[in-house]
Amino acid sequence: MAPGISNEKKNEDEQSSKGNAIHLCNPHLEKMKEDILYHFALGTGTHDFPALFGDVKFVCVGGSPSRMKAFIAYIAEELGLGSQGGDYPNICAGTDRYAMYKVGPVLSVSHGMGIPSISIMLHELIKLLYHAKCSNITLIRIGTSGGIGLEPGSVVITRQSVDATFKPQFEQVVLGKTIIRSTNLDEELAKELMQCSKEINEFNTVIGNTMCTLDFYEGQGRLDGAICLYNEEEKLQYLKAAYDSGVRNIEMESSVFAAMCNLSGVRAAVVCVTLLNRLEGDQISSSHDVLVEYQQRPQKLVGYFIKKSLGKV
């Protein structure tokens, strides 16, 4: 292994037995009198986390605050916990960084775009669940993506998140050293979600690898960014190589999501709808109404999974 590169897989395997409780890989937190979750505008000294969040069993995260508010209204109705015209207050109203909503055992949180944004959110979300003494948590990212070799509107349940070289790993630089973390996701959870999709039988769903990139344009081989120093043939060669390696969609958050959930012992999945087939183009040209319906598909699938898990199907 190259100098300055460390592989945490051994420790991760020991820590990620998917036990009942949240595992924090940080001994320093025990010495703190108060833990301020700055980007949530919450803190252990000002909020009673067990009272607020102790009953949470399902956490769904997605990029857009409005989408996550729509999801909590949807799941409230599905679980029979909503009221007609009922509003759901933003628990993180004290900040404009993220939005958080809760109904019954379901927490819905926005994470913004890209690895840095979701990483910050996950650090504070995992600590929130730990301080709330939550157990048996299922954490699912629902979102949008670009498909490879799939019809637009298809839903991809991630088997592994891979980097831009198709390796199932996430590289994190810590104190000047490159740490390599595994990006495997819970195989049984993926199978459960796939079975739910078969029972719904409303849209095409596959299990495949998801490529997580550092940006939307060059990192995903697009030809329509402000900078592009490759040609269409090179782009297609790259995307076809990705497909041949098992990649079925591309987004920008799954690698750090999988890595952090592994280290924290949280059962996790990524469920994303594809808005276009990248082998056929780069720009998203479907109508607004079509895109809205596509974006509801991961919500429908995960909503059905939650209902089934609670014995309400």
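For this structure, a couple of remarks:
- Prolate/oblate/rounded call for the range 70-174, Cα gyration tensor, a/c under 1.5 rounded: oblate
- Gyration tensor (alpha-carbon) shape descriptor, the chain, a/c threshold 1.5: oblate
- Shape category assigned to the range 113-180 from the gyration tensor of Cα positions, a/c cut at 1.5: oblate
- Over 19 Å apart at the Cα level, from the set LYS133/LYS308; LYS102/LYS300; LYS198/LYS312, are LYS133/LYS308.
- FRET efficiency for ASP289 and LEU29, using Cβ-Cβ distance with R0 set to 35 Å, rounded to 0.05: 0.15
- Counted over the chain, the DSSP beta bridges are approximately 40% antiparallel.
- Distance between the pseudo-spin-label points of ASN20 and LEU310 (7 Å out from Cα toward the beta carbon): 2.2 nm.
- R0 of 45 Å, Cβ-Cβ distance TYR230-ASN136: FRET efficiency to nearest 0.05: 0.45
- For the range 181-241, the set of GluC sites (Glu not before Pro) satisfying both a DSSP loop assignment and a count of at most 15 other C-beta atoms within 10 Å is given as GLU202.
- Debye, to nearest 20: dipole size of the chain, +1 on Lys, Arg Cβ, -1 on Asp, Glu Cβ: 760
- Sites PHE216 and THR95 - FRET efficiency at Förster radius 25 Å, r taken between beta-carbons, to 0.05: 0.50
- Hits among aspartates and glutamates - C-alpha to C-alpha of LYS177 under 18 Å, sequence gap 8 or more where chains match: GLU8, GLU12
- Chain lengthening between ALA241 and LYS167 when straightened (0.36 nm per residue, less Cα-Cα): 25.4 nm
- The range 269-313-the range 66-120 distance, computed between alpha-carbon centres (Å): 17
Every number in this text was worked out from the coordinates using simple rules, so none of it is lab data. Small disclaimer: the values here were computed from a predicted structure and weren't measured. Here Cβ is always computed from backbone atoms with ideal geometry, including for glycine, and neighbour counts include all displayed protein chains.
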